[in-house]
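**Q** So that we are looking at the same thing, I have put the structure below in structure tokens.
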Amino acid sequence: MILSPLAKERGDYRRSRARRSTLVALASTLVFTAAVVLGVTSAPGWPRVQETFLDVRVGWESLPAVAAGLWLNVRVLVVAELGVLALGLLIAVLRTLRGPVFFPLRALATGYVDLFRGVPLLIALYLIGFGLPALRLQGIPTDTAVLGTITLILIYSAYVAEVFRAGIESVHPSQRAAARSLGLSHRQSMRLVILPQAVRRVLPPLLNDFVALQKDVGLISVLGAVDAIRAAQIASARTFDFTPYVVAALLFVLLAVPTGRIADVMAARAARRQGLA
């Protein structure tokens, strides 16, 4: 494509401004980082902080056990996320059913959301993780990881159900009316018309809930499961050093950062689609 001299001049000016902005941002970041590092390392209590939280030898020795525990957290996360999506979508659909005949189902779904959204996750873990095995009933699982996963599904599906419901109700009623006028049943209109639009609209908040779930999978350690946090606790008790907790925290951060960036991209894409950016 042939550009006019004025367009070339404007392009060169934009590129020079972009290069200048990049260099300024890089320089300011380096200066700020150097100032923070210098200020922290020259503080009077820095040697004690380094010895207590940042002991390289203790961190390296505890890394294999903490990483093995993190693998359990990842497996619990995958199963819990699938369960949360399925149960949350089911509850949202039940809450959006119309007609007086479906009132019991709507009331049941509303009660479920109110109950599990109000109960603290830690109390739910104690009730399900310790209470169910105490019943000694046949068929009830006793594995702490399984019980922790069930608890996470019950709690987070209440939050995700509300996200799905917001997406379903954001679809204009004319879409449903148009689908029904074409001869589609309620189930077909939900599956082919309403849910695809609803899921696309609530994808960013769903990913945010996924990030929160990534952190809360570590709470299964209170049930005795040897995950990353429990492994760090064991290593810390053995060495009288808090560095294993720092190692576990860094691994959780590395696990959450990609999902967070994906959530940002999806939110920006949704904003552009709606003309907000």
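The values are calculated or read from the model by the stated rules, or taken from the named source; none is laboratory data. The structure displayed is predicted, hence computed values, not measured ones. Cβ atoms come from the backbone with ideal geometry, glycine included; neighbour counts cover every protein chain shown. Protein only, heavy atoms only, side chains kept; ligands, DNA and RNA dropped before computing areas. Shrake-Rupley method; radii C 1.70, N 1.55, O 1.52, S 1.80 Å.
**Q** Would you say Val211 is in contact with a helix residue (DSSP H, G or I) (Cβ under 9 Å, 6 or more places away or on another chain), open to solvent by less than 80 Å² (accessible area, probe 1.4 Å), at pLDDT below 90 and under 28 Å from Ala145 (Cα atoms)?
**A** yes
**Q** Shifting gears a bit: Looking at (1) farther than 24 Å from Glu162 by Cβ; (2) without any contact (Cβ under 8 Å) to a residue 60 or more places away in the chain; (3) assigned to a helix (DSSP H, G or I), which one does Asp114 not meet, given that it meets all the others?
**A** (1)
**Q** Which condition does Pro44 not pass, out of (1) assigned to a helix (DSSP H, G or I); (2) open to solvent by 100 Å² or more (accessible area, probe 1.4 Å); (3) under 30 Å from Phe242 (Cβ atoms), if it passes all the others?
**A** (1)
**Q** Check Ala92, Ala65, Ala86, Ala43 and return the single one that is modelled with pLDDT under 90, of a type in the set (A, V, I, L, M) and at negative phi.
**A** None of the others qualify; the one that does is Ala43.
**Q** Among the listed residues Leu108, Leu94, which satisfies the condition of being assigned to a helix (DSSP H, G or I), under 22 Å from Val160 (Cα atoms), open to solvent by 80 Å² or more (accessible area, probe 1.4 Å) and without any contact (Cβ under 8 Å) to a residue 40 or more places away in the chain?
**A** Leu108
**Q** Another one. Which is open to solvent by 80 Å² or more (accessible area, probe 1.4 Å), assigned to a helix (DSSP H, G or I) and at pLDDT 95 or above, of Val101, Val79?
**A** None of the other options fit; the residue is Val79.
**Q** Suppose the filter is in a helix (DSSP H, G or I) and surrounded by fewer than 13 Cβ atoms within 10 Å (Cβ to Cβ); does Ala177 pass it?
**A** For Ala177, the condition - in a helix (DSSP H, G or I) and surrounded by fewer than 13 Cβ atoms within 10 Å (Cβ to Cβ) - is met.
**Q** Counting just the residues of segment 111-134 that are small (Gly, Ala, Ser) and either closer than 23 Å to Val76 by Cα or open to solvent by 40 Å² or more (accessible area, probe 1.4 Å) (or both), which one comes out modelled with the lowest pLDDT?
**A** Across segment 111-134, the extreme among qualifying residues is Ala134.
**Q** Restricting to segment 225-245, give me the number of residues that are within 20 Å of the chain's Cα centre (by Cα) and assigned to a helix (DSSP H, G or I).
**A** Number satisfying all stated conditions: 2.
**Q** Could I ask something else about it? Within segment 92-118, which residues are within 19 Å of Leu147 (Cα to Cα) and more than 19 Å from the chain's Cα centre (by Cα)?
**A** Hits for segment 92-118 are Tyr112, Leu115.
**Q** Which of the residues belonging to segment 184-195 are of a type outside the set (A, V, I, L, M, F, W, C), more than 19 Å from Leu87 (Cα to Cα) and open to solvent by 60 Å² or more (accessible area, probe 1.4 Å)?
**A** Those that are of a type outside the set (A, V, I, L, M, F, W, C), more than 19 Å from Leu87 (Cα to Cα) and open to solvent by 60 Å² or more (accessible area, probe 1.4 Å): His186, Gln188.
**Q** Quick one: in segment 156-174, which of the residues that are without any contact (Cβ under 8 Å) to a residue 24 or more places away in the chain and assigned to a helix (DSSP H, G or I) is least open to solvent (accessible area, probe 1.4 Å)?
**A** Ser174
**Q** So which of Ala198, Ala248, Ala263, Ala256 is open to solvent by less than 30 Å² (accessible area, probe 1.4 Å), in a helix (DSSP H, G or I), touching a residue at least 24 places away in the same chain (Cβ under 8 Å) and touching a Leu at 6+ places or on another chain (Cβ under 6 Å)?
**A** After ruling out the rest, the residue left standing is Ala263.
**Q** Can you pull out the residues in segment 135-155 that are at pLDDT 90 or above and open to solvent by 70 Å² or more (accessible area, probe 1.4 Å)?
**A** Within segment 135-155, just Asp143 meets the criteria.
**Q** Separate question: Mind listing just one residue for me: the one in segment 214-245 that is free of Cβ contacts under 8 Å to residues at least 40 places away in the same chain and hydrophobic (A, V, I, L, M, F, W, C) and, of those, most open to solvent (accessible area, probe 1.4 Å)?
**A** Here the answer is Phe240.
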